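Derivation of every value follows stated rules applied to the coordinates shown; laboratory data play no part. Note that this is a predicted model, so its numbers are computed, not measured. Neighbour counts run over all protein chains shown; Cβ positions are idealised from the backbone, glycine included.
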Amino acid sequence: MSHVLPIVEQMELARRYNQGLVDGVAAEDWFRQPSEGVSHVAWQVGHLAVAQFFLTMDRIRGRRDDDAKLLPDEFFRLFGKGSTPEPDPGNYPAVEEILAAFAGVHAQAVAELAELPESVLDEPVDKPHPAFSTKGGALRFCPLHEMLHAGQIGLLRRLLGNAPLR
């Protein structure tokens, strides 16, 4: 039995759930912070694209020249670890560009994982994380990380006046 397939299935489940949350937020609300210092939907979605790239591609096979087509360098600065959400939409790419990266990284990750040999899962990652030290651990952490942010997006939705998902 494949050990990669259940991970991909969990990634797909987490993405479907988050997509449902994101689809219900009007574009004009994407950069609204319900109170000062709180995140916004645009940052959450951009961060998920960057994090999925790191967890499923960068830590698994390293960077490639064509990765810039998936995520422009600007995304790493705006949405990567240590970045701080800002309320000014002018500091960010358009919602459509953020959504395109969110979808594009996910599609590329799923495509690459379909071809990933099982033997890679036990290999150590070059950049260990407190939650994992192997490539398989990075992959298993990916849907968990996405669901953590689903909670944040869900709360943002509610604070913006949206109804909860059913």
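At-a-glance table
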read-out: Among residues of segment 9-59, those that are over 14 Å from the mean Cα position of the chain (by Cα) and farther than 20 Å from Leu71 by Cα, counted; value: 17
read-out: Residue satisfying all of: in segment 93-106; farther than 10 Å from Leu70 by Cα and aliphatic (A, V, I, L, M); farthest from the chain's Cα centre (by Cα) among these; value: Ala94
read-out: Single match in Ile153, Ile98 (criterion: touching a Gly at 6+ places or on another chain (Cβ under 8 Å), in a helix (DSSP H, G or I) and farther than 13 Å from Phe54 by Cβ); value: Ile98
read-out: Candidate set from segment 110-128 (those that are assigned to a helix (DSSP H, G or I) and among the hydrophobic types (A, V, I, L, M, F, W, C)); member that is farthest from the chain's Cα centre (by Cα); value: Val120
read-out: Failed item in (1) over 30 Å from His40 (Cα atoms); (2) of a type outside the set (S, T, N, Q); (3) surrounded by 15 or more Cβ atoms within 10 Å (Cβ to Cβ), with Ala109 passing the rest; value: (1)
